[in-house]
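Below is one structure, written out as structure tokens; comments come after it.
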Amino acid sequence: MKQPLVRLAVIAALMALGAIGACAQDDTAALYKSKCQICHGPDGKGSAVGAKLGVKDFHSPEVAKMSDQELFEITKKGRDKMPGYDKKLTDDQIKALVKYIRSLK
Ligand code: HEC
């Protein structure tokens, strides 16, 4: 008698997990928009503000050859005019942002 209910609960749980997964991606995009876009531009090529500060295009060979670890460290600790996000973002958020940066076209 309880079987269908259990199945329903499993389906509901899976759907909830899926929603959380999708949400995490949106969160990263929103994070990028609110914290990084002013300097790095919506497509990672650098905004007008960013150009003045010396941002590089995330698609440039220079950035492409940097490891994820390096990009992570720069975002966490900052470098030159790039502010560090050590206190403002968690390591997981920074990791997700690095992945996001790599996925920008
Ligand atoms: C105030 C402007 C500004 C903001 C906001 C900013 N950056 Fe940067 N970022 C820079 C500058 C300038 C550099 C180049 C620093 C250098 O090479 O010395 C840079 C460099 C980087 C790099 C190293 C690769 C490269 O292009 O040199 C990464 C990765 C990066 N930023 C990620 C981020 C992320 C992620 C955020 C948002 C959490 C962010 N930045 C927000 C200005 C900014």
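Details
- Residue in segment 33-44 that is among the small types (Gly, Ala, Ser) and in contact (Cβ under 8 Å) with a residue 24 or more places away in the chain present: yes
- Residues being within 9 Å of the ligand (Cβ to nearest atom), of a type outside the set (S, T, N, Q) and under 18 Å from residue 41 (Cα atoms) - total across segment 57-78: 7
- The residue of segment 92-105 that is nearest to residue 45 (Cα to Cα), among those that are more than 10 Å from the ligand (Cβ to nearest atom) and within 11 Å of the chain's Cα centre (by Cα), is 104.
- Residue tally, condition in a loop (DSSP other than H, G, I, E, B), on the phi < 0 side of the Ramachandran plot and not basic (Lys, Arg), over segment 52-105: 14
- Within segment 79-90, the set of residues being within 6 Å of the ligand (Cβ to nearest atom) and over 14 Å from the mean Cα position of the chain (by Cα) comprises 79, 80, 81, 82, 83.
Each reported figure results from applying straightforward, stated rules to the coordinates on display, with no laboratory input. What you see is a predicted model, and the numbers here were worked out from it, not measured in a lab. Because the Cβ atoms are built from the backbone with ideal geometry, glycine has one as well, and the counts that use them run over all protein chains shown.
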